[in-house]
Amino acid sequence: MIHRRLSLMGVLGLVGLSVTLGAGPALAEPGEPEAPRVELVLDVSGSMRAADIDGETRIAVAKRAFNATVDALPETTQLGIRVLGATYPGDDKKKGCKDTQQIVPVGQVDRSAAKAAIADLKPTGFTPVGLALRKAAEDLGDGGSRRIVLITDGEDTCTPPDPCTVARELAAQGTSLVVDTLGLTPDEKTRKQLVCISTATGGTYTAAQSEEELTDRIKQLVDRAAVPPPVAPAPVTGTDSCDGAPTLTPGVYTDRERIGEHRFYRVPVQAGQELRASVSIAIDRQVARDYGILLAATVGPRELVRGTDAGSGRSDVLSTGLRWSAAEEAGPQPSGSTSTANSAPTSDSDSGGLFGWGDDDDETPPAPTEVCLVVSNSFASSTSSAQPGMPLELTIGLTPASHAPDAPGLGRGFLLLLVLGLAGLIAGVLAGWLTRWWVATWRN
């Protein structure tokens, strides 16, 4: 569930790290929710020796980014660290493809111990990404909110198991496990593999070309793991027009939108109800500066209200929202739209009395206004257009309409001016008379 603020919006979300060497996952007290758990999986294969990030080796940049993350985050999340390709320097692929170890068990963080665990790591061997993901899922245990953050600079060199297949297997288990992927200067083949891994589990993919980008993204991802969304969004697929768009009831939904795409959804709004909607889009890739998102409510060709938000590269989430009351005349329903007159009203009672329908069995509620919501964006990117859409989170709410108090009418406005004018005239006459009296008295 995508919030910016992933907000009603929000969005708009996304770390608290905690690790003690030798400690296992902390167990929640009876009746308390389990603490979120996150494991960082760091690639320490031979390719991490390349010195192409700000003139430094990839492993050096990754270590500093991790240290900065540990120093900055609150102690609210259970953290573990697993590495791959860190110990076997030989050419035996069978041995090299088993080279993955958990160097910090999931548990409360010990900052010094966590930094010491990666301080002496040196780029060494193969890249068994699939096996490392499978082992990381075991490290995190079952139940509760779990997140794997994979940091790598290359594709798996040890298939099988294929990492994308492993990700699909983890997703098929139906557990709350998300895999986010971070690619260090990835080539196209690596990018496709990392996108496949993250998409399969509902995670995000990001390419990092600098130390700053890598540090910021790790912090964001682990922070999201520390504060999981209170409501699990329901998946929905918007359409490219209002005709045939999915009909939504109040709730939180998740979808994906490509750059420059429009996504449409329909919401029936009863008379006396107010529609409140918000959307958050996660910017999970490099995009050109100066971009924006739009959320608009329409009926047929007529736009009722809109909400917008814009950015220039300083945020990883954009969010906006809108409000519209069915008391505001929306005009006739668009031809060809699906009638939702039989939809159940959103109220505390099946009678519908909250919205003034009455309790008489012979009365029928008025047909709802079918509002079409459209989400669009103005992102631009030089990367392949074949990438999956960016994750978006859409929140829909229906409440009793709130009406602003009436402003004074034109007639009452003129009456007020008349009263003020008369008062001013009387005050002027009295002031003049008193002044004349005072002057005459003083001279005498």
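A short reminder: the numbers here are calculations on the coordinates, not readings from a lab. Just so we're clear, the structure is a prediction, and the values are computed from it rather than from any experiment.
Can you pick out the pairs among 93/189; 94/115; 98/192; 115/219; 135/219; 95/115 whose Cα atoms lie more than 25 Å from each other?
The pairs that break the limit, which is 25 Å between Cα atoms, are 94/115; 95/115.
Subtract the Cα-Cα distance of residue 429 and residue 249 from 0.36 nm times their separation in residues, and report this length gain in nm to one decimal. Display every interim value, and only then the final one.
Values: separation 180, 0.36 × 180 = 64.80 nm, distance 6.64 nm.
Contour length minus Cα-Cα distance gives 58.2 nm.
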